[in-house]
Amino acid sequence: MRDGADAPVSETCWILTDGAAGAENPCLGLAEALGAKALVKRIAAPLLGGLIPPQWLPPRRFVPRAGNGGDALEPPWPELLITSGRRSIGYSIAIRRASHGRTFTVYIQNPRISPRHFDLVLAPRHDRLSGPNVVETLGSLHRVTRARLDEAARRFAPELASLPRPLVALLIGGATRRHRLGPTEARAIADGIRQAGAGAGLAVTTSRRTGAAVTRVLRESLQDPACVFWDGTGENPYFGYLGLADVIVATSDSINMISEACATGKPVYVIALEGRGSPRFDRFHRELEAKGSIRRFDGRLERWTPPALEETARAARELGRRIAAWRSDLFETPTRP
């Protein structure tokens with residue numbers, strides 16, 4: 001029990017997002033790397049919550065419930081609050097105020113508002129955000145660990161046992177405002193992979209953004225006994241494919257997907273998608289290329305030994321250091337005269 005606390009604070013960690021995988025998974029990965037037992041809470045923010053700048057919203061707007069259908073947000077407040085996604089910002093600010101600063105708040109990604117509203121911001125380096133409480137990461141945080149990959153590889157090894165080696169994992173994203181991925185592009189990807197990976201095994205997984213038309217073209221174009229194509233039913237084999245692959249090939253539209261692939265310490269090829277492009281994505285890809293973590297897919301698949309990208313573990317170490325300093329400053333006992 002801490003003396004002098006004006007608001008009840010438990011030795012706990014909350015993760016608060018709108019439930020989107022791209023927001024929640026980095027928070028989970030950070031908490032896991034920190035060794036914290038996290039309670040996952042999800043918000044269901046009303047429409048106006050996405051239109052009004054979150055720093056302008058008063059605390060009472062958000063407490064005690066995270067929107068209609070959201071989880072209850074009430075004391076005792078957690079010692080650590082990890083959030084990501086724009087909808088979570090106002091809640092993080094409100095809880096920090098309601099706990100009288102006794103909740104250490106962490107935001108993952110670029111909040112698009114001043115970092116001073118949080119105790120720590122973990123922002124990707126390609127966003128070029130700076131500040132005394134900003135720690136840059138190369139790419140996204142995630143849940144990929146050696147233990148998780150090894151465990152998933154054991155579970156999915158029987159499913160891929162009949163495939164020839166080397167094994168190529170093909171990770172397909174989807175179209176965005178800046179990247180084009182339709183049936184025509186899908187057919188070109190399939191042709192390129194089939195030629196480059198002649199004689200190799202192929203494990204293919206798509207994402208929520210891939211779409212039925214692209215998935216259908218890929219499945220038809222890659223239909224072969226040497227290929228396993230996840231049909232979206234049953235357990236997601238994503239970690240199993242990463243753990244079992246000898247080479248990984250990913251489309252360029254997803255920073256999360258490429259960051260996860262690079263964390264395996266295996267060769268990663270990136271298929272450049274056509275479109276308007278993005279300076280942020282370009283900076284990210286260039287830095288990984290310079291580091292030796294990725295290569296652009298040019299119709300060839302070779303093996304090399306890249307450095308494993310361990311940004312989540314590094315971010316967790318820095319968070320642990322800052323929490324320790326924060327505790328010391330916040331709860332130190334004044335010296336008697």
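Summing Cβ point charges (Lys, Arg +1; Asp, Glu -1) relative to the Cα centre of the chain gives a dipole of roughly 720 debye. Apolar share of the accessible surface for region 100-179: 49 percent from carbon plus sulfur atoms, 1.4 Å probe.
Three principal axis extents of region 178-247 based on alpha-carbon atoms, in descending order, are 30, 28, 23 Å. Please report the spacing between the Cα centers of region 151-199 and region 280-313 in Å, no decimals. That distance is 17 Å. Ellipsoid fit via the Cα gyration tensor, region 232-293: semi-axes of 22, 15, 9 Å, each the root of five times an eigenvalue, largest first. Amide H contacts for VAL134 (H built 1.01 Å from N in the peptide plane; partners 5 or more residues away or on another chain; cut-off under 5 Å): VAL121.
Taking every protein chain into account, the accessible area of the chain amounts to 48 square angstrom per residue (probe 1.4 Å). Applying 1/(1 + (r/R0)^6) with r as the Cβ-Cβ distance of ARG280 and GLU74 and R0 = 45 angstrom yields a FRET efficiency of 0.75. Couplings 3J(HN,Hα) for region 263-277, derived from phi with the Karplus relation 6.51 cos²θ - 1.76 cosθ + 1.60 (θ = phi - 60°), are 6, 6, x, 10, x, 10, 9, 10, 8, 6, 8, 6, x, 5, x Hz, where x marks Gly and Pro. Checking every one of the trypsin sites (Lys or Arg not before Pro) in region 240-337 against DSSP loop status and a limit of 16 other Cβ atoms within 10 Å picks out ARG276, ARG300, ARG303. Compared with the dominant principal axis of the Cα atoms in the chain, helix 279-291 is inclined by about 70°. Once backbone amide H atoms are built at 1.01 Å from N, PHE229 has VAL204 as its partners under 5 Å, excluding neighbours fewer than 5 places away on the same chain. Extending 7 Å from Cα along the Cβ direction at ASP191 and again at ALA21 yields two label points whose distance is 2.9 nm. Of the three principal axes defined by the Cα atoms of region 114-162, the extents in descending order read 53, 20, 13 Å.
Toward the positive end of the charge dipole of the chain, with +1 on the Cβ of Lys and Arg and -1 on the Cβ of Asp and Glu, the farthest Cα among HIS117, ALA161, ALA31 is that of HIS117.
Along region 70-86 the Karplus relation, 6.51 cos²θ - 1.76 cosθ + 1.60 evaluated at θ = phi - 60°, assigns HN-Hα couplings of x, 6, 5, 10, 8, x, x, 6, x, 6, 10, 10, 10, 10, 7, x, 4 Hz to successive residues, with x for each Gly and Pro.
Can you pull out the chymotrypsin sites (Phe, Trp or Tyr not before Pro) in region 193-260 that DSSP calls coil and that have at most 15 other Cβ atoms within 10 Å?
Answer in residue order: no site qualifies.
Computed from Cα atoms, the angle from the helix 146-160 axis to the main principal axis of the chain rounds to 30 degrees.
Residues of region 138-175 with backbone nitrogen within less than 18 Å of a virtual label 7 Å along the Cα-to-Cβ line of LYS291, please, listed as ranges. Taking a point 7 Å out along Cα→Cβ of LYS291, the residues of region 138-175 whose backbone N falls under 18 Å are 138-146.
Axis angle, to the nearest 10 degrees, between helix 21-34 and the longest C-alpha principal axis of the chain: 70 degrees. Geometric descriptor of the chain, per residue, is 154 Å³ (volume of the convex hull of the Cα atoms). Rg/Rh for region 73-114 stands at 0.95; both radii use Cα atoms, and Rh follows the Kirkwood definition. For the chain, a Gaussian network of Cα nodes joined below 10 Å ranks ALA157, ALA245, ALA169 by mean-square fluctuation, and the top entry is ALA157.
The values are calculated or read from the model by the stated rules, or taken from the named source; none is laboratory data. Everything quoted here is computed from the prediction, not taken from an experiment. All Cβ positions, even for glycine, are placed from backbone atoms using ideal geometry, and neighbour counts span all protein chains on display. In case anyone asks, the SASA skips ligands and DNA or RNA and just uses the protein heavy atoms, side chains included. Shrake-Rupley method; radii C 1.70, N 1.55, O 1.52, S 1.80 Å.
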